[in-house]
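What follows is a single structure, written as structure tokens, with notes after it.
Read-outs: derived from the displayed coordinates by stated rules, not from any lab. Model, not experiment: these values are computed from the prediction. Using ideal geometry, Cβ is built from the backbone for each residue, glycine included, and neighbour counts are taken over all protein chains shown.
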Amino acid sequence: MEALKDLSDFLRQFWGLWLMLLFLGIVWWAFKPSNKDRFKDDAMIPFRDDEGVEEKKDDGRSS
């Protein structure tokens, strides 16, 4: 049981390093040049017209 506690104490020291490497990996992935076109396309999603939905024509008259 003592060995397990010692192992736990030893591995606990590396959480900061693990989280820093994880963060840097995500930043590297986000700024990779090969993702540029994908992110530009994804950024335009809110501005696209809905495909398949016919435009509702409103001439101001009530029906």
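If R0 is 25 Å, the Cβ-Cβ spacing of Leu17 and Arg38 corresponds to a FRET efficiency of close to 0.25.
Electrostatic tally near Ala43: other residues with Cβ closer than 12 Å to its Cβ, Lys and Arg +1, Asp and Glu -1, net +1.
Shape analysis of the range 2-45 places it in the prolate category; the axes a ≥ b ≥ c from the Cα gyration tensor give an a/c of at least 1.5, with a/b above b/c. Modelled this way, with points 7 Å down the Cα-to-C-beta line, the labels at Asp49 and Asp6 are 7.2 nm from one another.
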